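First comes the structure, then the notes that go with it.
The values are calculated or read from the model by the stated rules, or taken from the named source; none is laboratory data. This one's a predicted model, so the numbers in the text were calculated from it and none came from an experiment. As a convention, Cβ positions derive from the backbone with ideal geometry for all residues, glycine included, and neighbour counts pool all protein chains shown. Heavy atoms of the whole protein, side chains included, go into the accessibility calculation; ligands, DNA and RNA do not. Shrake-Rupley method; radii C 1.70, N 1.55, O 1.52, S 1.80 Å.
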Amino acid sequence: MKPFRLLLLLVVATMLSASTDQPVTIYLIGDSTMANKDTTKGSPERGWGMVLHEYFTDDVRIENHAVNGRSSKSFMDEGRWQRVVNRLKPGDYVFIQFGHNDEKDDPRRYTQVGSTFDANLRLYVRQARMKGAIPVLFNSVVRRNFLLNHDPSIDDESLRNTTFSDEVITSDTLVDTHGQYAVVPRMIAREMNVPFIDAQQITHDLEQQMGIEGSRRLHVWYRKGEHPALPEGRKDNTHYNVYGAHEVARLLSREVAHQVSALAPYIK
């Protein structure tokens with residue numbers, strides 16, 4: 001074999017080897033249930049995206065861009081999505097989970113089912129694909145709600161200011177709070193041929209199986225004196241603690257293995 005041809009083959013082989021060594025990158029965009037948290041003061045709060053890397057092999061890199069309190073509208077309006085788009089490269093994945101705050105009566109965040117919410121999800125999918133990335137749609141995880149008449153005016157972010165108090169229960173089964181905001185991601189996924197993760201159903205089954213009292217263990221729910229960072233306790237039925245975030249991340253990663261076959265080999 002001529003030296004030049006041999007050198008060319010070696011260069012090609014090196015390039016191919018280098019390309020296969022590139023880690024798989026998964027970008028996460030969403031709200032507080034997914035987001036990274038400040039743990040410098042010992043807070044037990046965790047987003048499920050914060051611990052997701054523990055359920056993937058070292059070949060996968062997780063970039064968590066989810067932010068507390070954001071909706072599909074505010075995440076885009078603040079330029080956060082554009083910063084993700086600027087980083088995307090072919091073969092990357094984007095896990096998209098909105099709805100929790102889209103339903104809020106707040107002009108900075110509110111989107112309408114059948115209109116702006118649907119349009120935003122379609123835009124995320126289209127723009128991810130334009131960069132050669134693979135979008136995966138999630139619907140929202142459930143709130144721990146055993147009330148028949150849930151008060152929609154309560155802002156999830158304000159729950160961090162609560163202290164422990166006795167719980168009022170009016171239902172033996174978990175009551176949905178998301179309505180059509182949990183349905184639309186499935187519809188858009190079907191319409192645009194996007195993998196869909198039914199986080200609503202997965203977390204509903206988890207909370208229901210653990211029961212009214214047991215499901216408290218998933219959340220930032222502590223009696224006075226139970227946690228050093230929360231001396232007065234807290235009653236937060238939306239946000240996860242360390243245990244809850246791990247349970248949700250574990251279950252969602254299993255479903256990713258079923259719905260996104262290319263990622264299955266990377267899931268522990």
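Data table
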| quantity | calculated |
| --- | --- |
| Positive minus negative residues near R87 (Lys, Arg vs Asp, Glu; Cβ under 13 Å) | +3 |
| Cβ-defined net charge surrounding D38, 13 Å radius [Lys, Arg +1; Asp, Glu -1] | +3 |
| 10 Å-binned pair-distance histogram of segment 186-259 (Cα, whole percent) | 18, 40, 25, 13, 4 |
| The chain - accessible surface per residue (Å², probe 1.4 Å) | 50 |
| Probe 1.4 Å, all protein chains present, accessible-area order of Y240, Y110, Y266, largest first | Y110, Y266, Y240 |
| Antiparallel DSSP beta bridges within the chain, as percent of all bridges there, nearest 5 | 25 |
| Flagged links, alpha-carbon separation over 31 Å, of K224/K268; K131/K268; K41/K104 | K224/K268 |
| Accessible-area composition of segment 169-268, carbon plus sulfur, in percent [1.4 Å probe] | 48 |
| Kirkwood Rh and Cα Rg combined as Rg/Rh, the chain | 1.05 |
